[in-house]
Amino acid sequence: MSVTFTITNAPEVKTWCECTCVINMGQPIPDCPICKGKGGHIYQEPAPGYSVDLANESARAVLRLIGLGCGDDLWGNIDIDEMPYVRRRILMALNSNVSIEAELKPASHTPGGHAGIRIEHHDNIAEIVHMGARVHNAGLSSERIRRHIHSIDRLIELAQRENQPITFG
């Protein structure tokens, strides 16, 4: 999961994305539930520089550090009149090793099968199946947090020039 910070009314880039029915079958399928027989769809996203995408834990740490602590809710907005305050908080966070160190998280790896087992029976043979996906967490280093904060600062600077608020969620 991730949180995207986007400048409101950002210019968009539109890209034609071919549907899997065309990729798999060579032509659109009239009753395809994804493209409805059109062969694809137009994917819209903000133009480069008009959005920042962060993993949930990274977003939560950055929001706490810049004074927009959001608890479990990872959505909200930064209004134009709030931006000078947030940029001051960004400078304070970047110059405070203590604050950043409180958000550090080590990398971790959880092997597959960590969620327990279930027993499946096939032709009078019991098979033990380990459940749970393999999970790798890159962690949060001081450098990574600083990089994320700088990204949000650049986004806020652009939003101020464009005179537009930022939404995130």
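The values are calculated or read from the model by the stated rules, or taken from the named source; none is laboratory data. This one's a predicted model, so the numbers in the text were calculated from it and none came from an experiment. With ideal geometry, Cβ positions are generated from the backbone for all residues, glycine too; neighbour counts draw on all protein chains shown.
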Some residue of segment 64-82 being without any contact (Cβ under 8 Å) to a residue 60 or more places away in the chain, within 16 Å of the chain's Cα centre (by Cα) and surrounded by 11 or more Cβ atoms within 10 Å (Cβ to Cβ): yes
Residue list for segment 18-29, restricted to those being surrounded by 13 or more Cβ atoms within 10 Å (Cβ to Cβ) and of a type outside the set (A, V, I, L, M): 19, 20, 21, 28
Flag if residue 15 is at pLDDT below 90 and out of contact with any Pro (no Cβ under 9 Å at 6 or more places or on another chain): no
Every pair of residues 6+ apart whose Cβ atoms lie under 7 Å, when the first sits in segment 125-137 and is without any contact (Cβ under 8 Å) to a residue 24 or more places away in the chain while the second is surrounded by 10 or more Cβ atoms within 10 Å (Cβ to Cβ) and of a type in the set (Val, Ile, Thr): 128/117; 129/117; 130/117; 131/117
Matching residues, segment 87-106, being polar (S, T, N, Q), assigned to a loop (DSSP other than H, G, I, E, B) and either surrounded by 11 or more Cβ atoms within 10 Å (Cβ to Cβ) or in contact with a His (Cβ under 6 Å, 6 or more places away or on another chain) (or both): 96
Residue match in segment 122-132 (condition: at pLDDT below 90 and among the small types (Gly, Ala, Ser)): yes
Residue in segment 30-46 that is touching an Asp or Glu at 6+ places or on another chain (Cβ under 8 Å), touching a residue at least 60 places away in the same chain (Cβ under 8 Å) and surrounded by 11 or more Cβ atoms within 10 Å (Cβ to Cβ) present: no
Any strands (runs of 3 or more DSSP E) falling wholly within segment 1-86 and containing at least 2 residues that are farther than 30 Å from residue 140 by Cβ and not hydrophobic (A, V, I, L, M, F, W, C): 12-18, 40-46
Those residues of segment 107-164 which are basic (Lys, Arg) and either surrounded by 11 or more Cβ atoms within 10 Å (Cβ to Cβ) or not in a helix (DSSP H, G or I) (or both), in sequence order: 118, 134, 144, 146, 147, 154
